[in-house]
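Have a look at the structure below, then the notes.
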Amino acid sequence: MELLSTVKGHKPIRAVASANAAAFLCYNLVKKELFLMYEYKFVKIEFKKISGRPTEDYREVIKNHAKEGWRFIQILTPDFTTAPGMGTYYELIFERPQNT
């Protein structure tokens with residue numbers, strides 16, 4: 001073990017993790033992440049027909065889902081089938097680990 005440099009007023013810290021132990025830890029974290037199953041949720045936010053504004057504030061939708069354990073992944077931009085530059089909705093995508 002080697003001594004790591006000290007911060008003024010603190011005792012020296014000894015390095016306890018070897019390179020092999022750190023590599024093992026990283027491998028196990030990656031392995032766990034690779035085999036973790038997720039469930040996904042898609043939330044569609046329509047636009048008002050006259051004003052073209054969203055019917056809900058997407059920030060509030062994201063915050064409310066986060067409170068329920070969902071992680072925000074992506075917002076899909078509106079489709080442009082109605083007119084160039086005018087969409088009809090946003091779609092928010094959330095994920096969370098499945099309870100297995």
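The values are calculated or read from the model by the stated rules, or taken from the named source; none is laboratory data. No experiment lies behind these values; they were computed from the predicted model shown. When we count neighbours, we look across all protein chains shown, and the Cβ atoms used for this are built from the backbone with ideal geometry, even at glycine.
Some notes on this structure:
- The listed residue being modelled with pLDDT of 80 or more and exposed (fewer than 12 other Cβ atoms within 10 Å of the Cβ), out of K32, K67, K41: K67
- The numbered conditions (1) closer than 17 Å to Y89 by Cβ; (2) of a type in the set (D, E); (3) not in a helix (DSSP H, G or I) are all true for E60 except (3).
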